[in-house]
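Here the structure is laid out as structure tokens; the discussion comes afterwards.
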């Protein structure tokens, strides 16, 4: 296997969808701003060269000649080339086909009933479901999505998938709680939630992962954003992760954002097949607070896995300088004691930022990694 360079870079989640994609997949005509955006991005990366008929139909006002799935293909090519043009070593398509990370996987399963929209943490809304019966997977999902990326990617593809703990936490647990005997108190609720998480892992996530690996997927990011909201359930996060990944030959990473990671330790370290912690740091890093000091905890516990290091904040438009990114990488390297364990990335997905801001932040990630690499490989005397 070819050794990777020091401080490789990667995407970590979704991008904002361009206006031309949103209009095009609804078969609505593109306005001047959307046309200008499509032309500009195509000139920048040439992403539309693989689907010129779709591009031309959108630009010529023949939106109905471009079916929605072809527009989504074009959107996936855009996201892929957007990330590759920034210089990232591992990429996906910016989750161009996904509305959000919960509803789509739940719709691939039987045993759920959608109840209505609820507000999420970032002032968005998602359609929340209740589990009302045994979980049955209709079919493994994300396969066609991954196949398209694999065919067109020039960098290494990395697929993100929502983990079982988060899917359970964001659902109403009716079926499993009803099966608990007696008073539905704290102990019964915990037992019901454990059964729910493990069933999701074994009946839905696991067969999906197996199918993805059979399709050639080698790097799979398990997203567990709900983990930080219930740190006392870290062991359940781990149980779901292990049930979903046991025995599979792939590189698994676990993405958790906006958490006090020390509160999840040491239980989280029992995630047996996790080879990288993809965490958020930049959001909490300031002159008054060292956002990277938590990495000392990994050293204290003797954990030697790789770290996907969040080096740019995805909730602010201010673009970090490459020098700041490099200094964060250097600081993290000192805490870990091994710079070879670090991958660099944004804290989380950039979907809440404009494409212009996202591009600038990704370029800062790559340039900052290059500065840090040069310093570590050729230290000043």
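What follows is calculated from the coordinates using simple rules that are stated; it is not laboratory data. Keep in mind that what you see is a predicted model, and the values were worked out from it rather than measured. Reconstructed Cβ throughout: ideal geometry from the backbone, glycine too, with neighbour counts over all protein chains shown.
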In range of the label at residue 134: residues from region 203-217 whose backbone nitrogen is under 13 Å from the point 7 Å along Cα→Cβ: 203
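Give me the extension gain from residue 258 to residue 354: residue separation times 0.36 nm, minus the current Cα-Cα distance, reported in nm with one decimal.
32.5 nm
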Equivalent ellipsoid semi-axes, region 19-303, via Cα gyration tensor eigenvalues times 5, rooted, Å: 36, 24, 18
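If you stretched the chain out fully between residue 338 and residue 246, how much longer would it get, using 0.36 nm times the residue separation minus the C-alpha to C-alpha distance?
On the way: separation 92, 0.36 × 92 = 33.12 nm, distance 2.77 nm.
Fully extending the segment from residue 338 to residue 246 adds 30.3 nm.
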Max mean-square fluctuation residue, GNM over the chain, Cα-Cα springs under 10 Å, options 363, 84, 214: 214
Antiparallel DSSP beta bridges within the chain, percent to nearest 5: 25
Full-extension gain in nm, residue 190 to residue 213, via 0.36 nm per residue minus C-alpha separation: 5.1 nm
Interatomic Cα distance distribution for region 79-124, bins of 10 angstrom, percent: 21, 34, 29, 15, 1
Largest-first principal axis extents, alpha carbons of region 285-381, Å: 39, 31, 26
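Output the relative contact order of region 233-289, whole-number percent, from Cα pairs under 8 angstrom with separation of 6+ residues. Present the calculation step by step, with values, prior to reporting the outcome.
Working: 45 pairs, mean separation 25.9, N = 57.
With pairs under 8 Å counted, the relative contact order is 45 percent.
Students often check this: by mean Cβ neighbours within 10 Å, which of 197-210, 242-255, 40-53, 174-187 ranks highest, and how do the rest follow? Could the numbers behind the result be given before it?
Details: 197-210: 21.4, 242-255: 18.0, 40-53: 15.1, 174-187: 12.4.
Descending mean neighbour count gives 197-210, 242-255, 40-53, 174-187.
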Dimensions (Å) - region 215-336, Cα atoms, principal axes, largest first: 42, 34, 26
261, 172 arranged by Cβ crowding within 10 Å, fewest neighbours leading: 172, 261
Top of 361, 17, 272 by mean-square fluctuation, Gaussian network on the chain, Cα under 10 Å: 272
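Shape of region 28-73 from its Cα gyration tensor (a ≥ b ≥ c, root eigenvalues): rounded if a/c is under 1.5, otherwise prolate when a/b > b/c, or oblate? The partial results should precede the final answer.
Numbers: a/c = 2.00, a/b = 1.15, b/c = 1.73.
Oblate, since a/c reaches 1.5 and b/c is not below a/b.
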Per residue Cα convex hull volume in Å³ - calculated over region 14-163: 135
Those residues of region 1-38 whose amide nitrogen sits under 11 Å from the label point placed on residue 120, 7 Å along Cα→Cβ: 14
Region 90-192 - share of DSSP beta bridges that are antiparallel (%, nearest 5): 70
